[in-house]
Amino acid sequence: MKKTILALTILAACGSAHADVRINGFANLIAGKTSSDGMLYGYDEDISLSPESLFAVQLSGDVNDKLTATGQLVARGSDDYDVDFEWAYFTYAATDNVSVSAGRLRLPLFRYSASLDVGYSYHWVAAPQSVYGVPFNNIDGVRVDYSNYAGDWEYNFQVTAGTFENKGYEITPGTFADIEGNNAIVGTIEATYEWFKVRATAGSAKSSLSIDSIDTLIGQLAMISAPLADKLAFNDDSSAFYGIGVEIDQFDWFVSAEWTSIDIEDSFNPQDVAYYITAGIRHGKFTPSITYEKLDGNDDVKFLSDVAALPEQVRGPAAMIVGGVQQAVMEETSTVTLGLRYDFDTNVALKADISRSTDDIDDANDTTLVRVAVNYIF
């Protein structure tokens, strides 16, 4: 309800100022299936269009010479195509170089954060999930942008602050979680010199993650040792995010990479380190590419010294809970994707890819995914 009220307020502001409202849209129609009983990115052995398909409309209007209002409605296949206002914000152009945006914004964690849903804007069927597959993309807050030139370099600073949440998202089939972050602040800097681009990001927040099955185990641990249960719980804990990306684009060919780290030290969550490197060739309307991505969230079990300090009669049960909870969320995967983009017509791209994912913890989860897509903008 609050999101709807905010969006309607923005659109009402545009209308009351008699502004011209600009309407743009985009869509990703993506079908995929895996080669076995395994699952990858929400797909299984049955052909499905739901996990990554979406339709979106963006509305924007100038309230006056300095103030612009923007709203974005998105219908995702993963949400049964229920329409939701994912963006709803004002932007104030304070100077030629400085702008301030407030409302519901895209959280600028990655190179393609702003255009992540616009499949037409990149060569993949979908951005590499090892890096981009975080359970939160938007933030309710304020962002300040500063852009300028230094010689032949173009650069941009961003500082974003606010809160984020995602309640009831599905981690695995039948397993749901709630995540929220308070006092979040993210700083980014991006610099471009002709064919070269570099980007760095750092952020922090007070974060909480709730999963019913894990909450039950932590509740059992609290009856043995409340302090240890508090350490293990992911509740209002300090989290840190770091990322860096580089891109070389000579038009005929390109190569780029991103690396990220998410660390919540005082919780059951392991440090997640992820990266990808991708390269492609543009030949007329065709863009073949290859991408290698890696996710390493397979750390040593934490808090073993705290377990060892417990009375001998409860160490065994405590160790089982502490180890079991952490091992349940550990993951380590690597994926190789071969892709092809064909620019079929103006503002329309056809794509296909095949991905081989290897689970470095349990090879029974290894699987191959085939996807085809139609991306368009209007």
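The values are calculated or read from the model by the stated rules, or taken from the named source; none is laboratory data. Note that the structure is a prediction, hence the values are computed from the model and not measured. FYI the Cβ positions are ideal-geometry reconstructions off the backbone, even for glycines, and counts take in every protein chain you see. Side chains included, ligands, DNA and RNA excluded: accessible areas come from the protein's heavy atoms. Shrake-Rupley method; radii C 1.70, N 1.55, O 1.52, S 1.80 Å.
The conditions are (1) without any contact (Cβ under 8 Å) to a residue 60 or more places away in the chain; (2) crowded, with 20+ Cβ neighbours inside 10 Å; (3) among the aliphatic types (A, V, I, L, M), and A150 fails exactly one of them. Which is it?
(2)
Have a look at Y292, Y342 and point out the one that is part of a strand (DSSP E or B) and closer than 20 Å to S130 by Cβ.
Matching residue, one of Y292, Y342: Y292.
Against the conditions (1) under 22 Å from N183 (Cα atoms); (2) assigned to a strand (DSSP E or B); (3) of a type in the set (D, E, K, R), where does E258 fall short? Just the number, please.
Just one mismatch for E258, condition (1).
Do any residues in the range 220-240 that are under 23 Å from D263 (Cα atoms) have Cβ atoms under 7 Å from those of residues that are aromatic (F, W, Y) and open to solvent by less than 20 Å² (accessible area, probe 1.4 Å), where the two are at least six apart or on different chains, and which pairs are they?
Short answer, once both residue conditions are applied: L232/F268; F234/F268.
If you check D359, D363, which single one turns out to be under 19 Å from Y292 (Cα atoms), among the acidic types (D, E) and either in contact (Cβ under 8 Å) with a residue 60 or more places away in the chain or open to solvent by 60 Å² or more (accessible area, probe 1.4 Å) (or both)?
Working: D359 fails: either in contact (Cβ under 8 Å) with a residue 60 or more places away in the chain or open to solvent by 60 Å² or more (accessible area, probe 1.4 Å) (or both).
Testing whether each residue is under 19 Å from Y292 (Cα atoms), among the acidic types (D, E) and either in contact (Cβ under 8 Å) with a residue 60 or more places away in the chain or open to solvent by 60 Å² or more (accessible area, probe 1.4 Å) (or both) leaves just D363.
Out of the strands (runs of 3 or more DSSP E) lying entirely within the range 12-109, which hold 1 or more residues that are over 30 Å from S130 (Cα atoms) and in contact with a Cys (Cβ under 7 Å, 6 or more places away or on another chain)?
Once the strands (runs of 3 or more DSSP E) in the range 12-109 are filtered for at least 1 residues that are over 30 Å from S130 (Cα atoms) and in contact with a Cys (Cβ under 7 Å, 6 or more places away or on another chain), what remains is 21-34, 54-62, 67-76.
Just give me the residues in the range 347-356 being assigned to a strand (DSSP E or B), of a type outside the set (D, E, K, R) and open to solvent by 50 Å² or more (accessible area, probe 1.4 Å), in sequence order.
Taking the range 347-356 and keeping what is assigned to a strand (DSSP E or B), we get 348-356.
Applying the additional criterion that residues be of a type outside the set (D, E, K, R) yields 348-350, 352, 354-355.
Selection gives L350, I354.
Out of (1) under 30 Å from A93 (Cα atoms); (2) open to solvent by less than 70 Å² (accessible area, probe 1.4 Å); (3) under 25 Å from the mean Cα position of the chain (by Cα), what's the single condition that is false for F55?
Only one criterion in (1) under 30 Å from A93 (Cα atoms); (2) open to solvent by less than 70 Å² (accessible area, probe 1.4 Å); (3) under 25 Å from the mean Cα position of the chain (by Cα) is unmet by F55, namely (2).
Being in contact (Cβ under 8 Å) with a residue 40 or more places away in the chain and in contact with a Lys or Arg (Cβ under 7 Å, 6 or more places away or on another chain): is that true of S101 here?
Values: in contact (Cβ under 8 Å) with a residue 40 or more places away in the chain: yes; in contact with a Lys or Arg (Cβ under 7 Å, 6 or more places away or on another chain): yes.
It is true that S101 is in contact (Cβ under 8 Å) with a residue 40 or more places away in the chain and in contact with a Lys or Arg (Cβ under 7 Å, 6 or more places away or on another chain).
Which residue out of F241, F234 is within 23 Å of V100 (Cβ to Cβ) and aromatic (F, W, Y)? I'd like the intermediate steps shown before the answer.
On the way: F234 fails: within 23 Å of V100 (Cβ to Cβ).
Sole residue among the options that is within 23 Å of V100 (Cβ to Cβ) and aromatic (F, W, Y): F241.
Would you mind finding the one in K197, K167 that is of a type in the set (K, R), in a strand (DSSP E or B) and open to solvent by 50 Å² or more (accessible area, probe 1.4 Å)?
Exactly one of K197, K167 is of a type in the set (K, R), in a strand (DSSP E or B) and open to solvent by 50 Å² or more (accessible area, probe 1.4 Å), namely K167.
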